[in-house]
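Encoded as structure tokens, the structure appears first; notes follow it.
The values are calculated or read from the model by the stated rules, or taken from the named source; none is laboratory data. Computed from a predicted structure; not experimentally measured. When we count neighbours, we look across all protein chains shown, and the Cβ atoms used for this are built from the backbone with ideal geometry, even at glycine.
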Amino acid sequence: MILAFGPYQAKGDTWSEAPPTCLIYLSNGMAAPHWRDGNKAAIPPSLLQVNPAHRVHVCSSLAIANNFQPVQKKTKSNFRIHHLADFFLCLMLISNNVIVGYEMISLKKWRLFPRSLRQLVLMAFWLVLLPLLVLAYQAYKSLDQLSTQAAEINRSTLADVRRSEAMIGVALEMERSYRQYCVLGDIRLEKLYQRQYLQYTNMLGKQITMLANTVYTKKLNELLPGLTKISCSNGAPEPATNKLLEQFSTANNHLVQETRNIIFSRGEQLQKDIADKGRFFGWQSLILFLLSAFLVTLFTRMIIGPVKGIERMINRLGKGLSLENQIESFKGPRELRSLAQRIIWLSERLSWLESQRHEFLRHISHELKTPLASMREGTELLADEIAGPLTADQKEVVSILDSSSRHLQQLIEQLLEYNRKLADGPAEHQSVSLRELVGGVVLSHQLPARTKNIYTNIQLDIDYCWAEPNLLMKVIDNLYSNAVHYGAESGNIWISSRQMGKNLQIDIANTGTPIPELEKSMIFEPFYQGKLQRKGAVKGSGLGLSIAQDCIKQMGGVIHLIESEFADVCFRIELPLTAKND
């Protein structure tokens, strides 16, 4: 037999890739490893040409075939410690006939996503956080832009308001200086008027940059050249000049009002911009929130999906189902794939143990029951005195042999029945009449109950239940039999059923010696027998309550010992309540 370690596949009589790192040649129970040192093959060519039928592919879920890689040095002693541990573990499994022709198992890896759970969690964290960071950045930029815009509008508005108010004052001063000069003829008033004229012209030029070319700015530009020089007649402005002054004053007042309107429109525009930014920010927040929710859902499914897959694998493992179909469909990060591989290895190990148990049971059935039957036949022949007459002492010995052989046969049958119940598949439920089932059980134990003068009280509030009839009958029969044989003489047995919430409860209680407190946690263990001995011709085996518990578990229920006000011992069966129970 050949064991090969390394990244290879056997095709025909040759290796599809580089020769394996190590070959273990098993011959006559001895393991002889042959190492490949770097590119120099130290493996005998004869071993590489071994018939593929004699090669054993080690299951990768044992963490041997994929992990057993050498350090790139010239010595074969530089392998990692855990790799050597896997190597010797493999030898141990081979020596115990555990590895039997397993094939390489390769769970699917993600192609487009991180292969590590840590990388996946970090990527999910940053990708989910990214839209929120973008949202925060956009909010900061929007607020900064709006605050800058508001500050600029406030600054320009304040300057424009001051300028417009100053233009009103300068226009009045110009008209006053003009008229005073015509009355007094003082040259200083003329110079003052010229300075006021230049000042107003400058302010009008700045105001035009805000108002652009409006009607009143054009009007003022047309009127100002006529007011450059003072024209007086008889101590007053000339009629044409007087008309220009009136038009100038009117146009200036309209210009100031127009400035106020523009300032007001700036405020409205700022409010509109704020509202637009708010709507844009709201839609952007909604879109980024939906994107974040989508990413959260996506990565949650990517993380929870493999976990659910492992949960399904564990459930199938608990139900005794095969995991072959789960291998091909499982995808996930490296850590979860490794865990899935361990579960697959556990499934294979349990399958092997199950096969060994069945083989053991077959041996028991053949190796024990066959000689036991011969012993019983011989005992019966001796009891019938076919081989010759027996003395009284000899008859007593033959009676003991017959009783012991019958007891041994019963133990073997109960053991086989116990293992058969464990190997049974999921129970097929159907409608069961509790009254008929309980009546049949009570009738089958009528003789020992009558012998001990035991009265059975049956009170069933629910007549029908949804269960597997044979399993339920086995449980009730076992509990009622224990109540009869362990109960007190001239005592009582109560059998009742009721609905409590979503469960169906069946109580079987009896008078007699209570179960000691130290034994209550052990009574459901296989082969456990308490201090109280079963009363009757047939001795107990310690399997009855264990079988009852396994039967109830197969039906999805529980059985436990409870305290009762009127009984010394009370067992309660709880089964899931379905629509069939209503």
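Odds and ends about this structure:
- Some residue of segment 181-194 being part of a helix (DSSP H, G or I), in contact (Cβ under 8 Å) with a residue 40 or more places away in the chain, over 30 Å from Leu290 (Cα atoms) and hydrophobic (A, V, I, L, M, F, W, C): yes
- Residue in segment 148-166 that is over 30 Å from Ala275 (Cα atoms), surrounded by 13 or more Cβ atoms within 10 Å (Cβ to Cβ) and at pLDDT 80 or above present: yes
- Odd one out for Lys308 among (1) within 20 Å of the chain's Cα centre (by Cα); (2) within 28 Å of Trp352 (Cα to Cα); (3) surrounded by 15 or more Cβ atoms within 10 Å (Cβ to Cβ): (3)
- Residue within segment 328-335 that is closer than 30 Å to Leu133 by Cβ, assigned to a helix (DSSP H, G or I) and out of contact with any strand residue (DSSP E or B) (no Cβ under 6 Å at 6 or more places or on another chain) present: yes
- Against the test of being modelled with pLDDT under 75 and under 30 Å from Leu143 (Cα atoms), the options Leu270, Leu211 yield a single qualifying residue, Leu211.
- Segment 448-479, residues that are polar (S, T, N, Q) and either without any contact (Cβ under 8 Å) to a residue 60 or more places away in the chain or assigned to a strand (DSSP E or B) (or both): Thr451, Asn453, Thr456, Asn457, Gln459, Asn470
- Residue in segment 166-182 that is farther than 20 Å from Leu220 by Cβ and of a type outside the set (Phe, Trp, Tyr) present: yes
- One residue from Arg357, Arg279 being farther than 30 Å from Arg406 by Cα, basic (Lys, Arg) and part of a helix (DSSP H, G or I): Arg279
- Screening Leu89, Leu132 for residues that are of a type outside the set (Phe, Trp, Tyr), modelled with pLDDT of 80 or more and in a helix (DSSP H, G or I) leaves exactly one candidate, Leu132.
- Qualifying residue in segment 231-239 (condition: in a helix (DSSP H, G or I) and in contact (Cβ under 8 Å) with a residue 24 or more places away in the chain): no
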